[in-house]
Amino acid sequence: MIMRPNRAMSLTPLENLRWGLAYGRGLGVAVAMVLLIVWQLERASVLNLLSVLMIVLPVMEVGLFAGVFAIYRDSVGEEEAEAREQGQGAALVRGLAVFALWFTAVFVVSWVSIVVVKASADVYVELGMPPAFDLMP
């Protein structure tokens, strides 16, 4: 596991990148959650409490479970230790690949869960049930 040096020491951008990618799983989960929430809120036609909850809650649900598992896997770090033994380049490539994999997986699963939640709310209204709190079209 790469430990962050003392704050008094100056870090080069490459050292910052190396430290961030050593924890690529957790970083990938966090970035995917933030980007998806921002993207979906910008696309929303109407922003009210129900529409915001239909975006934020599925993302937080997926992100919570993925984040706990990612933090556990980052703390174990056996693969990263093997990559560091092979050299700094191998560790950076491995960290970037892990970040990309976790970012993509969390982004896609969260996006699908948002689509399912919105579709189920639309079907609820189309089947003749009353709109929840008179906020749905």
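Solvent exposure of Met129, expressed as accessible area, is near 100 Å², computed with a probe of 1.4 Å over the protein chains only. Leu50 contributes about 40 Å² of solvent-accessible surface, heavy atoms of the protein only, 1.4 Å probe. Residues Ser113, Ser45, ordered by accessible area of protein heavy atoms at a 1.4 angstrom probe radius and largest first, appear as Ser45, Ser113. The heavy atoms of Trp111 offer some 100 square angstrom of accessible surface to a 1.4 angstrom probe.
The values are calculated or read from the model by the stated rules, or taken from the named source; none is laboratory data. Bear in mind the structure is a predicted one, so any value in this text is a computation, not a measurement. Keep in mind that these areas ignore ligands, DNA and RNA; they rest on the heavy atoms of the full protein, side chains included. Shrake-Rupley method; radii C 1.70, N 1.55, O 1.52, S 1.80 Å.
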